[in-house]
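Report on the structure given below.
The values are calculated or read from the model by the stated rules, or taken from the named source; none is laboratory data. As the structure is a prediction and not an experimental result, all values here were calculated from the model. Positions of Cβ are backbone-derived with ideal geometry, glycine not excepted, and every protein chain shown enters the neighbour counts.
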Amino acid sequence: MGKRHCYSPGQPITTESVDLQNPPVSSEWKLLEARPLQAGRGRLVCVANQKGGVAKTTTAVNLGAALALRGHRILVVDIDPQSNATTGMGIDHRTVQRSTYDLLLDEAPLSEIVCKTEIEGLDCVPASLDLAGAEVELVGAIARERKLAEALEHAGETYDLIFIDCPPSLGLLTVNALAAAQDLIVPVQCEYYALEGLGQLLGNAERVRKALNPELRVAGFLMTMYDARTKLSAQVAGEVRAHFGDLVYATVIPRSVRLSEAPSFGEPVLTLDPSSRGSIAYKLLAAEVEARYRLVTRSSAPPPPPPIPGPGGRGYGVTVAEPVGLDTAWPPQQPWEQEVDR
Ligand SMILES: Nc1ncnc2c1ncn2[C@@H]1O[C@H](COP(=O)(O)OP(=O)(O)OP(=O)(O)O)[C@@H](O)[C@H]1O
Ligand SMILES: [Mg+2]
């Protein structure tokens with residue numbers, strides 16, 4: 001299939017790296033029936049896409065926060081040396097004593113690494129800069145692909161869902177996450193190059209599934225940064241939906257300035273600005289995930305953390321107004337069903 005070099009309204013968006021006529025998703029990936037969670041057996045969910053900046057971290061943090069605020073026990077494991085999920089949850093990665101590095105290389109017990117966040121029920125395994133060396137150090141280790149799986153073996157007894165925020169690569173850290181998880185969520189940015197590399201990601205996941213982790217499956221593709229003001233967003237969402245069908249979450253995450261500001265305050269947008277579009281979108285996604293897993297909402301949802309004290313909040317962020325039109329531009333319920341204006 002030839003590579004198209006420019007966006008042409010109405011034409012299929014395809015690239016050499018993923019042949020959407022024959023998507024590299026085996027039939028087993030499509031077994032989407034909800035696998036209800038059993039008490040004391042939480043699910044490990046890997047949030048991965050080797051493409052950078054597609055909202056892996058934003059999704060792990062805000063979906064995790066939304067589920068915690070609905071009364072579920074959530075752990076976010078940051079395995080990215082950039083430590084964005086860690087800082088996004090208000091933990092300073094420069095000062096953490098022990099991190100995912102210790103979990104992977106020193107076999108430290110999980111309970112000694114876990115940090116609480118401002119949101120009750122939302123815990124974090126922080127990353128630190130030394131994680132950058134972990135990939136090299138792991139190379140010589142025995143069963144190097146299963147270090148994370150071993151470290152998180154009993155996490156499901158304490159947490160309902162454990163999200164693993166992956167780095168933008170297909171290296172050993174991501175392979176560890178794929179080997180540990182039962183489910184894979186793939187955020188896909190509604191941009192022209194969004195589909196590039198999906199083939200490699202799914203191919204890698206398939207190899208890990210065959211060799212290391214037969215339980216692994218795609219839980220869903222999540223369309224992110226949807227800009228309802230552009231035709232391109234609708235077209236990308238439509239293409240992905242056309243080819244991956246039910247594997248795509250019905251919820252679409254809109255582009256939102258508030259979502260991009262939240263990490264600078266060190267908190268999820270869910271508590272920074274609960275009524276913003278980004279918050280609403282991640283709450284909708286949380287409800288969808290809850291329904292798919294048949295998670296039972298516990299009656300005692302925790303109170304949200306107290307408001308940010310003074311300007312600048314817990315971090316150093318400042319808020320600015322959304323660009324004109326972005327606040328009102330909301331992804332239609334089913335963008336893929338929309339007529340694309342030619
Ligand atoms: N819906 C959105 N609207 C606007 N900005 C967003 C949205 N989602 C994420 N962002 C911003 O886009 C940038 C990339 O998001 P994020 O860090 O979550 O991506 P990532 O896939 O984890 O990146 P990396 O590959 O570097 O780990 C961040 O600045 C984030 O705040
Ligand atoms: Mg990230």
Of 184, 173, 198, the only residue that is under 18 Å from the mean Cα position of the chain (by Cα) and more than 16 Å from ligand 2 (Cβ to nearest atom) is 198
Would a scan of segment 222-236 turn up a residue that is in a loop (DSSP other than H, G, I, E, B) and among the hydrophobic types (A, V, I, L, M, F, W, C)? yes
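Mind checking which residues of segment 54-70 are within 9 Å of ligand 1 (Cβ to nearest atom) and either more than 11 Å from the chain's Cα centre (by Cα) or outside any loop (DSSP other than H, G, I, E, B) (or both)?
56, 57, 58, 59, 60, 61, 62
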Output for Cβ contacts, cut-off 9 Å, separation at least six or different chains, first residue more than 15 Å from ligand 2 (Cβ to nearest atom) in segment 50-70, second of a type in the set (Lys, Arg) and not in a loop (DSSP other than H, G, I, E, B), reads 66/283; 69/283; 70/283
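Out of 123, 165, report the one residue that is within 16 Å of ligand 2 (Cβ to nearest atom), crowded, with 20+ Cβ neighbours inside 10 Å, charged (D, E, K, R) and at pLDDT 95 or above.
None of the others qualify; the one that does is 165.
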Subset of segment 179-197, residues among the hydrophobic types (A, V, I, L, M, F, W, C), modelled with pLDDT of 90 or more and either in contact with a Cys (Cβ under 8 Å, 6 or more places away or on another chain) or more than 30 Å from residue 151 (Cα to Cα) (or both), comes to 180, 181, 184, 185, 190
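Taking only segment 237-274 into account, find how many residues are of a type in the set (S, T, N, Q) and either within 16 Å of ligand 2 (Cβ to nearest atom) or assigned to a strand (DSSP E or B) (or both).
If we filter segment 237-274 for residues that are of a type in the set (S, T, N, Q), which is where we start, we get 251, 256, 260, 264, 271.
Retained after the next criterion (residues that are either within 16 Å of ligand 2 (Cβ to nearest atom) or assigned to a strand (DSSP E or B) (or both)): 260, 264.
The qualifying residues number 2.
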Selection from segment 203-216 of residues in a helix (DSSP H, G or I), surrounded by 20 or more Cβ atoms within 10 Å (Cβ to Cβ) and within 18 Å of the chain's Cα centre (by Cα) yields 205
